[in-house]
1. Would you check if there is a residue in the stretch 20-39 being surrounded by 15 or more Cβ atoms within 10 Å (Cβ to Cβ), at pLDDT 85 or above and not in a helix (DSSP H, G or I)?
2. Taking only the stretch 218-235 into account, find how many residues are part of a strand (DSSP E or B) and of a type in the set (A, V, I, L, M).
3. For the stretch 182-205, does any single residue satisfy the condition of being touching a residue at least 60 places away in the same chain (Cβ under 8 Å) and part of a loop (DSSP other than H, G, I, E, B)?
4. How about the stretch 64-78: which of its residues are surrounded by fewer than 16 Cβ atoms within 10 Å (Cβ to Cβ) and in a strand (DSSP E or B)?
5. Would you check which residues across the stretch 110-130 are among the aromatic types (Phe, Trp, Tyr), surrounded by 16 or more Cβ atoms within 10 Å (Cβ to Cβ) and at pLDDT 90 or above and list them?
6. Against the condition closer than 22 Å to PRO227 by Cβ, in contact with an Asp or Glu (Cβ under 6 Å, 6 or more places away or on another chain) and in a strand (DSSP E or B), how does GLN122 come out, does it pass?
7. Let me spell it out: the conditions are (1) within 20 Å of ASP71 (Cβ to Cβ); (2) of a type in the set (Phe, Trp, Tyr); (3) surrounded by fewer than 17 Cβ atoms within 10 Å (Cβ to Cβ); (4) under 16 Å from the mean Cα position of the chain (by Cα), and TYR133 meets all of them except one. Which number is the exception?
Amino acid sequence: MMFQTGRWALALSLAVAVTMSLPTSAAEPRIPSHDWISELALGGSLATGNTQRNAFDVDAQAKYRAGRVEDHYKFKAELGRDSGVTTSQRWVVGYDTNIDIADGLFASSFVQYENDKFSGFQSEIEGGIGVGYRVLQTQSVKLSVNAGPGYRVGRLKKPLPSEKEIFARGTALLDWQMSENAKLTNELTISWDSERTKVEDTLAVTSKLIGSLSGRASVNVRYNTAPPRVTIKKTDTISKVALVYSF
């Protein structure tokens with residue numbers, strides 16, 4: 001454990017040293033003004049009669065830009081019941097920040113807490129740092145990639161001990177404004193550690209309805225190569241339809 005902690009501290013120190021040593025005068029990034037962008041998405045379903053099924057989900061996100069720094073905040077919650085039995089119960093709270101270094105290049109860090117009743121973990125908390133690059137940055141298409149190390153603590157149900165792992169993480173974010181009123185987004189995250197590989201991908205199409213109100217259809221796929229219990233399936237797929245309010 002002390003050796004793992006030492007490697008984690010060394011990784012943090014190297015990342016900070018590299019970031020501070022990069023030149024800032026040769027390719028100074030554009031510094032936009034202060035700006036908040038937020039949205040709240042609500043979705044749900046209800047079935048009665050022979051089948052008693054209901055589901056509800058909320059997805060709140062906010063982004064704040066000040067100079068070279070961009071902060072992202074997110075909260076997600078999912079709850080599903082079928083004939084009085086809970087079939088899904090998950091909520092996630094996360095924060096990440098990007099700091100522009102040069103044209104298209106940025107440093108990043110993140111922290112996330114997840115509580116998923118059906119994942120095999122009581123809870124998971126992870127955080128990390130990385131370096132990213134904006135591959136495409138046009139008026140209609142934006143694509144960025146990011147990679148770096150992280151550290152995860154997963155609490156298992158007793159008497160199993162908690163898992164503590166150093167991992168590598170990569171992300172790819174696509175934002176395509178297909179038309180004046182329609183947008184496609186895709187968010188892919190892959191992480192690797194000594195216990196498992198985890199992949200999560202969310203594809204969404206958002207269409208403007210009226211004013212600040214939009215409709216959204218999305219598919220979320222989560223894959224875990226080695227769930228903590230053999231009775232847990234490796235793949236979860238969730239399809240959603242939601243109303244989105246932007247402000």
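The values are calculated or read from the model by the stated rules, or taken from the named source; none is laboratory data. These numbers were taken from a predicted model, which means no experiment stands behind them. All Cβ positions, even for glycine, are placed from backbone atoms using ideal geometry, and neighbour counts span all protein chains on display.
1. Yes, the stretch 20-39 contains a residue that is surrounded by 15 or more Cβ atoms within 10 Å (Cβ to Cβ), at pLDDT 85 or above and not in a helix (DSSP H, G or I).
2. So the count comes out to 2.
3. No, because not a single residue in the stretch 182-205 is touching a residue at least 60 places away in the same chain (Cβ under 8 Å) and part of a loop (DSSP other than H, G, I, E, B).
4. If the condition is that a residue be surrounded by fewer than 16 Cβ atoms within 10 Å (Cβ to Cβ) and in a strand (DSSP E or B), then TYR64, ALA66, VAL69, ASP71, TYR73, LYS74, PHE75, ALA77 are the ones that fit.
5. Result: PHE110, single match.
6. Here the answer is no, as GLN122 does not meet what is asked.
7. Unmet for TYR133, out of (1) within 20 Å of ASP71 (Cβ to Cβ); (2) of a type in the set (Phe, Trp, Tyr); (3) surrounded by fewer than 17 Cβ atoms within 10 Å (Cβ to Cβ); (4) under 16 Å from the mean Cα position of the chain (by Cα): (4).
Yes/no per residue for (1) in contact (Cβ under 8 Å) with a residue 24 or more places away in the chain; (2) closer than 15 Å to ASP100 by Cα:
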position	(1), (2)
GLY132	yes, yes
SER140	yes, no
SER144	yes, yes
GLY148	yes, no
ARG152	yes, no
LYS158	no, no
PHE167	yes, no
GLY170	yes, no
